[in-house]
Every structure is written in C-alpha cells, then in structure tokens.
2 protein chains.
Amino acid sequence: RRSPATRPRYELVVGLLMDTTTIIASLVTALAACAGMLFSLRTWSRRHRSKRRNDKPVKQKDKHNASTYDMKPIGFVESCWPDRRSTPRQGSLVPSSAGLVKFDPHVHPSASLDGLQGFSHVWVVWMFHENTRARKATKQSQKKNNQMILKAKIRVPRLQGGKAGLFSTRTPHRPNPIGLTLCGIIEVNLQKSQLILSGMDMLSGTPVIDIKPYVPYTDKPVREVRVPAWIQKPAAFNEVDWQESAESQLRALAPGLKLFSSTEMARSAIEEAVMNEAVGRPAFVGMLPDHEFPEVQEKQMRKVWGLKVEHLQITYIIRAQRQTGNKETKINPQEDNCKSILVMSVERHADAIRTDRKDASAR
Amino acid sequence: RRSPATRPRYELVVGLLMDTTTIIASLVTALAACAGMLFSLRTWSRRHRSKRRNDKPVKQKDKHNASTYDMKPIGFVESCWPDRRSTPRQGSLVPSSAGLVKFDPHVHPSASLDGLQGFSHVWVVWMFHENTRARKATKQSQKKNNQMILKAKIRVPRLQGGKAGLFSTRTPHRPNPIGLTLCGIIEVNLQKSQLILSGMDMLSGTPVIDIKPYVPYTDKPVREVRVPAWIQKPAAFNEVDWQESAESQLRALAPGLKLFSSTEMARSAIEEAVMNEAVGRPAFVGMLPDHEFPEVQEKQMRKVWGLKVEHLQITYIIRAQRQTGNKETKINPQEDNCKSILVMSVERHADAIRTDRKDASAR
C-alpha cells in the first residue's frame, strides 16, 4: 500500500489533467460554435443583400452575364378557346371568335384603358404560356449553359416538308415566346376592367403583357408588301352543313355562352373555326356509329372530329379526301362543292361537366 | 491549522465542482455549436433549393404572388440615332432612317433568320431600355408593394392639354416597356448575323426581344379601321433648304457613315428627321451669331436647333412661327411656303470626337 500522503497529490494531478482537457475541449467547441454562427451570419447577410439587389432594377444580369427583362402580366385572357387543340393559328382566320382581357388592378384599368373606345383595333402582346416544347427547351437550355435548344429552323406546313428560319415564321417556339395579335375591339368596359375583343387566337388563361392601339400611319406598310409564296392565307372550306339535331342543340345551349351574345354569333365562330380546323389539324374523337351514313364506306370519311368553344364540344365529319401523309385535307372546290363539313352534335364537353360538378359539390 | 486529512478532501470537492461546471459549460457550448451548424445548414439547403427552383421555369412567382416572365434579348440595335432626343417618335415618320439588328449567337442567327429574305417588312419587338421615367417608376413601385406609379393617363400633344389612357397611346411609359415597330427590310445578312432595316425609331443600343415577319392576312385589319381624331399623322414640313457650306460638309462626311451607302440616302434621312423634329420637340443648341441673317430680328427664329445622325451633328434654323406654349411649331403652308427649315452645318459631334480620342488613346 502507498503512503496516505501520495493520495491527494495523485488526485490533484488527475484533477488538473481533467481540467485542462475539459478546458481545451470546451474551447474547441466554443470555437466551432463561433465558426458556425459566423458562417450562418454570412449566408444570411448574403441572401439579404441579394434580395435587396433584386428589388431594384427591372434589368437583371443572369448568370451568363446577359441582361434579362422581367415582364409582369397586365391581365389575362378569357377566350372562347378552352384548349390548345381548338385554338386557331391566327385570330384573323376565325374573325368571329371572341374573348376578353381582364386587367389586373395594378395597371389601374379604369384610367389606363380610357381612350381605346375611339379605336377599332388593338395589338395584343401576350405570352405563349402553354408552350410545352418551348418550356422544355428553356429548361434544357438553362442546364446547358443557356444555349438555345429551340430549333432554329421550323417545318412549314405549306412548304411541303421544307423548313424556314424561326424568325421568318410566327411559330410559338421562339427564344422569347411572345405572341402578337391584331384584334377587333367589341367593347371597352372600364367598370369591369375588361376589353372585349374579336379575332382571338389566344387560349383561355393567356397572360397579356401589353395592349397597343392600331395606328394606321405606323402599322400599315408604306412600301409595297412582299411575302414568300408559302405565306399565303391557308385554304379553308367555304361552308358548313349542320345536322338538324346539332342545330337545335346549339339553339338550346347558346344562351349559356358567356362570350357570344346571340346564337348567330356563336354559330359564325363555330363555322369559321371548323372550316379552318378541317383543313389543318382537326382533333380525332372517334368513329361514326354504323347506323349513321351507312352509304359512306371509306374509313377516313367515317372519322368524327372535335372542337371546343367555351364549354361546348362540337363534333363534325369531313366528307372530303384527307391526305394522311402531311395531315392536310385536300379541297377541290368543284368536286366537293366546298360543302363537305357536317356538324354532328353540340354538347357540353366532359371537362366542363366535371368542373361543374366540382363547383356544385363545393357549394 | 487544519488536520492534514482534511486537505485532500477539500481539494477533491473543489476538483469535483470544477469538473461539473466545466462539463456543463462544455455541454452548453457544444449545444450552441450544434444549433449554429444546424441553422447554417438550413439556410444553405434553402438557398440551394431556391436556386434549383429558379433553374426550372421561365415563369416565376415574385414576392407579390404574380407570375413574371424573363426576356433575354436576341440581339441589339445599331441605329442612325445615337441619342434619345434625335430619335423620332415613330419609324414611319422617318422612312429613310436606317439601322441594323446584330443578333446574339445564342439564337443561331444564320439559320433562324433564313427565310426573311422573302419578306419586305418585319415587326421588331424591343425594349425601351433608356426609359428613365419608367425605370424610376418601377423602382418606386417595387418599393411601394408593387403598385404602379406610372401615370395611367398620358398628356397627348395633339389633344391640346387633354389626356388619354396609356393603353390607348404608344407612349414608352408602359407597365411593360415594350416597343413595336414595323420596319422595312433592306438586307438579311446571314454571314454577319445582321438584319439591316429602314424606318427605325430605335435608339442605338436598344435590346431586341423578337422579330416577326409582316404577314398581311393577319396584320392588316379586315374590318374598317377607326381611330380618334388626335391620332392623325403629325404635320411636318414638306421641304428643307441647305446652306451651301452644309451641303459640302455632308458630301465630305457622308462616306464615313456606316448605315447609309450614299450621300443621297443620308440626306433623305436627315431631311425627314429635321422636318419632323422641327414641328415637335427640336433640341436647342444655341443662338445664331450676329453676322448671320442680320435681317432676321425675332429671337425665336434666331434659335439654332440640333439633331444627331450616327456621328454627325446637324444644326438648322426654323424660319416659321413657333408657339412656345405647347412647344409645337405652327405651320402655315401658304405663308411659309413650307420651306422654312434651313440646314446650317453638318459636323462630327463632340461626343463622337471624344469617343474617337478615347479609342485612340487606348490603342
């Protein structure tokens, strides 16, 4: 056994050792804590600073050092076209189409729209917001160091397989997906902050970024206008026939339409739309049932096509030769007498019924 | 004196006490360190997440919950108008004006512009980038919870003090400062990625966000066009006289112009610009020296006005009655014989000389 005098000295040494280690440990942890807090402070101040920086300019430098401009919609379109498939390529192809621009309060519409009553036409500058391909392309392009993935050349339907540079076309797939449409003014409603327009090629929900009056002395070319041969107005059918049942369906449903004040106006828009769609890219909805027109044998002519106008689904058949190759219908005015479209039915479409039900159950 | 047995016990107690306090202290600091690191980790992950979120959509939610759209210029304008004061209100007022759009490589101009050769006119969609008032307004508006500070009503010169809603005018001071100009195509240069245009109302350096071909069947109104009385093409002088010295100065300097291939073309642009400016808002540069036209007594008619075209400063006098009230020159075709503008000199302007010197010293 050791002497009792050594015991306290031993404990003292142990105590001192423990003290120094704990002091060092606590110093280290304190340092770590300080470092952590400093780091978090730095990131916080950075975030704060960058937020403040973003507040200031409209013009911003993106990470590839090119300035970009922020556009905030001044309003949104509510048009007779509920989906992309039914929307015409150009508003001028369906002049009876109707829609309205509902303005955001931040642009003070009751004052800023005042004066448009004196004009017959406006330019609507809008965004191709349901531009899936462009959105995808932008996504990819931002990943790949901002290189444009959009195709620089576009296949032009009337060039029969030929291509043209995107800036020589009105394609939606543009570096900045801006649409430009000359619309007719039906009504300027300052109370409701609405502009009611005709000649719409905008989908419902489209963001509008500017409205400009049509001023002939600046917007009408002075020099002679020249366009390539492929830019001619696309061919369309001249007339549409209606099945009697479809006509009575339209008469019954037309009063429920928001954007057309008479059955005749709705009928004009539907006919113009169908005459155009039938030539280009109609949407297939099914085949004719066997009991309808049993004399028509050819499969192509038994196809039923669809089109949506507001909450209505219009179905029709095209009794003319369709070239399945480039998907364009061949029209021969003599042979077909240009009366080869027959409207089969006008009904509330499934989506509209579904949303109605949702609304009802929510009440 | 205490017994020796008590000493180690005392030290033991002190040691234990010290141990517990240091342990507690180190625990506290360790906790603080953990908290600090957790906090910094959270902020880091947040920044990271938000960065990833920004990568995806073109459409972004700003802090006021409205979507905004980012526009990246596809190119920039190099026009004959070096400053805002000389730039005409509309390109159609100075049809001989010239400029070019130099495209950014990211839009692959050699392919995407191909096809424009077949067109006579294009729409240029551009940004009012030197729009000081709008920029200021946006700055203020973003501070004040995104309320628009832009004036909703604009004083219209031809309404004699009257105002019109901004959307019924082509004012640069718009919620989204987008300009739209119909230009004539002079040349499509795919090698140089340039589009050479006439009828420019864009300042040099203007960012271009889209180019669209002019397509008559969509861009020409079908229905009858109606505009208010105040939207008529502004009156302009019909002819411009030149002092002989000014004419020879132009002949000497015209070959140095980049955008005009002949003296006659430059002369046309200068005359059109002067005829317009003289009616609206000419820029005052000084008074006539006493020895020039001593017979002209009226102070207004002794004022010398200036205009810049590329690197040239053109000075002229207006020998017609100017109404200082609304700053518009009254033209009386009979009385003034519409030949009341006299070009006094054509010289390299001071800014151009200064930048030349800078370039020289840099070499």
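Looking at the range A:202-214, can you tell me whether even one residue there is more than 7 Å from chain B (Cβ to nearest Cβ), on the phi < 0 side of the Ramachandran plot and open to solvent by 20 Å² or more (accessible area, probe 1.4 Å)?
Yes, the range A:202-214 contains at least one residue that is more than 7 Å from chain B (Cβ to nearest Cβ), on the phi < 0 side of the Ramachandran plot and open to solvent by 20 Å² or more (accessible area, probe 1.4 Å).
Could you tell me whether B:Leu31 is assigned by TED's automatic domain parsing to the domain that holds B:Ser193, at pLDDT 70 or above and over 30 Å from A:His106 (Cα atoms)? Before the answer, list the steps.
Numbers: assigned by TED's automatic domain parsing to the domain that holds B:Ser193: no; at pLDDT 70 or above: yes; over 30 Å from A:His106 (Cα atoms): yes.
Considered against the rule, which asks whether it is assigned by TED's automatic domain parsing to the domain that holds B:Ser193, at pLDDT 70 or above and over 30 Å from A:His106 (Cα atoms), B:Leu31 comes out as no.
Enumerate the pairs (first residue in the range B:291-302 and on the phi < 0 side of the Ramachandran plot; second residue anywhere and modelled with pLDDT of 85 or more and open to solvent by 50 Å² or more (accessible area, probe 1.4 Å)) with beta-carbon separation below 6 Å, excluding pairs fewer than 6 apart on the same chain, so at least 6 apart or on different chains.
Note: pairs meeting the criteria are B:Arg302/B:Met287.
Condition first: farther than 20 Å from B:Cys183 by Cα, open to solvent by less than 50 Å² (accessible area, probe 1.4 Å) and either of a type in the set (Phe, Trp, Tyr) or within 14 Å of chain A (Cβ to nearest Cβ) (or both). Can you find one or more residues in the range B:240-254 that meet it?
Among the residues of the range B:240-254, at least one is farther than 20 Å from B:Cys183 by Cα, open to solvent by less than 50 Å² (accessible area, probe 1.4 Å) and either of a type in the set (Phe, Trp, Tyr) or within 14 Å of chain A (Cβ to nearest Cβ) (or both), which makes the answer yes.
I need the full set of residues from the range A:180-191 which are open to solvent by 30 Å² or more (accessible area, probe 1.4 Å) and touching a residue at least 40 places away in the same chain (Cβ under 8 Å), in order please. So that I can check it myself, show each step before the final result.
Keep residues of the range A:180-191 that are open to solvent by 30 Å² or more (accessible area, probe 1.4 Å), which gives A:186-187, A:190-191.
Once the filter is applied, which keeps residues that are open to solvent by 30 Å² or more (accessible area, probe 1.4 Å) and touching a residue at least 40 places away in the same chain (Cβ under 8 Å), the range A:180-191 yields A:Ile186, A:Leu190, A:Gln191.
Please indicate, with yes or no, whether at least one residue in the range B:143-166 is under 20 Å from B:Gly184 (Cα atoms), in a strand (DSSP E or B) and modelled with pLDDT of 85 or more. I'd like the intermediate steps shown before the answer.
Of the range B:143-166, the ones under 20 Å from B:Gly184 (Cα atoms) are none.
No, the range B:143-166 contains no residue that is under 20 Å from B:Gly184 (Cα atoms), in a strand (DSSP E or B) and modelled with pLDDT of 85 or more.
When residues of the range A:285-307 are filtered for being of a type in the set (D, E, K, R) and open to solvent by less than 40 Å² (accessible area, probe 1.4 Å), how many remain?
Residues of the range A:285-307 of a type in the set (D, E, K, R): A:290, A:292, A:295, A:298-299, A:302-303.
Within this subset, residues satisfying the condition of being open to solvent by less than 40 Å² (accessible area, probe 1.4 Å) are A:302.
Qualifying residue count, the range A:285-307: 1.
Tell me, please, whether a residue that is modelled with pLDDT of 95 or more, in contact with an Asp or Glu (Cβ under 7 Å, 6 or more places away or on another chain) and either of a type in the set (S, T, N, Q) or closer than 30 Å to B:Asp201 by Cβ (or both) can be found in the range A:214-237.
So far as the range A:214-237 goes, no, none of its residues is modelled with pLDDT of 95 or more, in contact with an Asp or Glu (Cβ under 7 Å, 6 or more places away or on another chain) and either of a type in the set (S, T, N, Q) or closer than 30 Å to B:Asp201 by Cβ (or both).
The values are calculated or read from the model by the stated rules, or taken from the named source; none is laboratory data. In this text, all values refer to a predicted model and were calculated from it rather than measured experimentally. Here Cβ is always computed from backbone atoms with ideal geometry, including for glycine, and neighbour counts include all displayed protein chains. With ligands, DNA and RNA removed, areas are computed over all heavy atoms of the protein, side chains included. Shrake-Rupley method; radii C 1.70, N 1.55, O 1.52, S 1.80 Å.
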